[in-house]
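S.K.: Submitted below is the structure of interest, expressed as structure tokens.
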Amino acid sequence: MKKFDKDRLILGLAGPVLALVVAIALTTVVLLASGTNPFEPYRIMFESASYVDVQVLIVNQAGTYYLAALAVAVGFRMNLFNIGVDGQYRLAAMVAALVGASVNLPGPLQIALIVITAMLVGAFWSGIAGILKTTRGVSEVVSTIMLNSIATSLVAWLILPKNFGEQPPGSNNLTTGEIPESGWFPGLSMGAEAGEIYGFTFVAALCGVIYWFVLGRTRFGFDLRATGASESAAQASGVDAKKMILTSMLISGGIAGLVGMPTLLGDTHTYSLDFPTGIGFTGITIALLGRNHPLGIAFSALLIAFLDKSSASLDQYGYEKEIATIMQGLIVISVVVSYELVRRYGLRRQQQKVGEELAAGGAIRTEADSGPGSGPESDSESASLSTNDTNDANDKSDKGAAL
């Protein structure tokens, strides 16, 4: 049993490690092909990450990425591909900012109202894809991509000054108005120069714990994973597969609604045209690299956040900061290839272990047959048994020939 767990751990780590090694190697080849130093950018990025202010930026960004990856991972565990996280979190952040700017409640109530609004809007937007999937059989990949475009247009329309938006004097930017200070989520100060870690980053970590417990330690999580593994088998065991599909899409959208909260409640305190975008697609990369496991997702989120924030200083040294973007793209390709290679190796390893166990079992039976009672003193008994077996075999052969 210990050996099995060890093999499973090694196979689980082999995929991400192989993907990272291949991605770094391919990025180095790209740098060499462009005629630049292939190792200097890595040194600059690690040196940049040694500063406390950059570390705070990395942690804050990782918290946002972690929530996006959890939203994607819930769908993956259900064998659903929720590509609409990007549209879900932007629409949720925008509506939550509108609600938060329009009321002024005591601190905890104000924050709770904003967060609940964001989760409900995200769940509603993903629920549309879930309903289309369960009632009309529409692929969630197609519907969520279309809903992303609709969400982009809807946000652009809602934020117009003639509707719900505001245009600050002397600025071309459009906002939803500032949330009162009672709705600001307190953070952890790391000093005047370093800034503070968003308080919602710790909420993101708590969401990871809840994700691990619900999916791995509850009956609901088992039903969800079972339905994702085989919908027909789950239905045969009494699980309502369509209900599980819709529920998982609602949960995925609810978590997606939280993606914009670290920035909204900890930094900008308003939704504007320059609110971060594209986080949902980055969450897909992180969920794949982390293999949908909360700890794996956490390390992957830190890695991608490190690439984002530490690469900002590359252009100061004559290197393009898009090197990090290239590496992220190569990571996605490497993940797909490396995981398939590891899967095939795991199958061969499992077949080899089964063969070894069968061979070991045959050896044990052979030793048992040659144990006490097989010596010279039992030769007459063995001969008698052999004669009886031969007669029985001849009888069966005669009957088989007659048939």
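The values are calculated or read from the model by the stated rules, or taken from the named source; none is laboratory data. Please read all numbers here as calculations on a predicted model, not as lab measurements. Don't worry about glycine lacking a Cβ; one is built from the backbone with ideal geometry, like all the others, and counts go over all protein chains shown. Surface accessibility is based on the protein's heavy atoms, side chains included, excluding ligands, DNA and RNA. Shrake-Rupley method; radii C 1.70, N 1.55, O 1.52, S 1.80 Å.
S.K.: Could you check Ile150 against (1) open to solvent by less than 70 Å² (accessible area, probe 1.4 Å); (2) under 27 Å from Ile128 (Cα atoms); (3) touching a residue at least 40 places away in the same chain (Cβ under 8 Å) and say which number it fails?
M.R.: (1)
S.K.: Just give me the residues in the stretch 155-177 being open to solvent by 50 Å² or more (accessible area, probe 1.4 Å), in contact with a Gly (Cβ under 9 Å, 6 or more places away or on another chain) and either at pLDDT 95 or above or not in a strand (DSSP E or B) (or both), in sequence order.
M.R.: Within the stretch 155-177, Phe164 is the sole residue that qualifies.
S.K.: So, in the stretch 17-64, of the ones that are in a loop (DSSP other than H, G, I, E, B) and either acidic (Asp, Glu) or over 28 Å from the mean Cα position of the chain (by Cα) (or both), which residue ends up farthest from Gly266 (Cα to Cα)?
M.R.: Gly35
S.K.: Being modelled with pLDDT of 95 or more, more than 18 Å from Ile279 (Cβ to Cβ) and of a type in the set (Val, Ile, Thr) is the filter here; which residues of the stretch 91-113 pass it?
M.R.: Scanning the stretch 91-113 gives Val99, Ile111.
S.K.: Give the stretch 65-85 a look and list any residue that's part of a helix (DSSP H, G or I) and open to solvent by 10 Å² or more (accessible area, probe 1.4 Å), or say none.
M.R.: Once the filter is applied, which keeps residues that are part of a helix (DSSP H, G or I) and open to solvent by 10 Å² or more (accessible area, probe 1.4 Å), the stretch 65-85 yields Tyr65, Tyr66, Phe76, Arg77.
S.K.: What number of residues within the stretch 217-253 are among the polar types (S, T, N, Q) and closer than 26 Å to Ile279 by Cβ? Break it down stepwise before answering.
M.R.: First, pick out the residues of the stretch 217-253 that are among the polar types (S, T, N, Q): 218, 227, 230, 232, 235, 237, 247-248, 252.
Next, from what is left, pick out any that are closer than 26 Å to Ile279 by Cβ: 247-248, 252.
Residues that pass the stated criteria total 3.
S.K.: Find the residue count for the stretch 190-201, including only residues that are within 21 Å of Gly107 (Cβ to Cβ) and open to solvent by 30 Å² or more (accessible area, probe 1.4 Å). If you could, list the steps in order and put the result at the bottom.
M.R.: To start, the set of residues in the stretch 190-201 that are within 21 Å of Gly107 (Cβ to Cβ) comprises 196-201.
The next check asks that each one be open to solvent by 30 Å² or more (accessible area, probe 1.4 Å); those that pass are 196, 198.
Looking only at that region, the number is 2.
S.K.: On the basis of being outside any loop (DSSP other than H, G, I, E, B) and open to solvent by 70 Å² or more (accessible area, probe 1.4 Å), does Phe299 make the cut?
M.R.: Spelling it out, Phe299 is indeed outside any loop (DSSP other than H, G, I, E, B) and open to solvent by 70 Å² or more (accessible area, probe 1.4 Å).
S.K.: Exactly one of (1) without any contact (Cβ under 8 Å) to a residue 60 or more places away in the chain; (2) over 18 Å from Asp274 (Cβ atoms); (3) hydroxyl-bearing (Ser, Thr, Tyr) is unmet by Ser171. Its number?
M.R.: The one condition Ser171 does not meet is (2).
S.K.: Looking at (1) of a type in the set (Ser, Thr, Tyr); (2) at pLDDT 90 or above; (3) exposed (fewer than 14 other Cβ atoms within 10 Å of the Cβ), which is the one condition that is false for Ser48?
M.R.: Going through the list (1) of a type in the set (Ser, Thr, Tyr); (2) at pLDDT 90 or above; (3) exposed (fewer than 14 other Cβ atoms within 10 Å of the Cβ), Ser48 breaks only (3).
S.K.: Here is a list: Ala305, Ala324. Which entry is crowded, with 20+ Cβ neighbours inside 10 Å, closer than 25 Å to Leu13 by Cα and out of contact with any Asp or Glu (no Cβ under 7 Å at 6 or more places or on another chain)?
M.R.: Ala305
S.K.: Can you say whether Phe281 is under 21 Å from Leu91 (Cβ atoms), assigned to a helix (DSSP H, G or I) and open to solvent by 40 Å² or more (accessible area, probe 1.4 Å), as far as the supplied structure shows?
M.R.: Yes, satisfied.
S.K.: Show the residue pairs that are 6+ apart or on different chains and have beta-carbon atoms under 6 Å apart, the first residue being within the stretch 232-249 and more than 12 Å from Gly127 (Cα to Cα) and touching a residue at least 12 places away in the same chain (Cβ under 8 Å), the second being surrounded by 12 or more Cβ atoms within 10 Å (Cβ to Cβ) and small (Gly, Ala, Ser).
M.R.: Hits for this filter: Ala241/Ala234.
S.K.: Taking the stretch 202-230 as the region of interest, how many residues are open to solvent by 20 Å² or more (accessible area, probe 1.4 Å) and either at pLDDT below 95 or of a type in the set (Val, Ile, Thr) (or both)? Steps first, please.
M.R.: Going through the stretch 202-230, the residues open to solvent by 20 Å² or more (accessible area, probe 1.4 Å) turn out to be 202-203, 205-207, 209-210, 212-214, 216-220, 222-223, 225-226, 229-230.
Checking the rest, the ones that are also either at pLDDT below 95 or of a type in the set (Val, Ile, Thr) (or both) come to 203, 209-210, 214, 216-220, 222-223, 225-226, 229-230.
Looking only at that region, the number is 15.
S.K.: Sticking with this structure for a sec: Which pairs do you get when a residue that is open to solvent by 30 Å² or more (accessible area, probe 1.4 Å) and among the polar types (S, T, N, Q), found in the stretch 98-114, comes within reach of a residue that is at pLDDT 90 or above and outside any helix (DSSP H, G or I), reach meaning Cβ atoms under 7 angstrom, with the pair 6+ apart or on two chains?
M.R.: Filtered contacts from the stretch 98-114: Asn104/Pro180.
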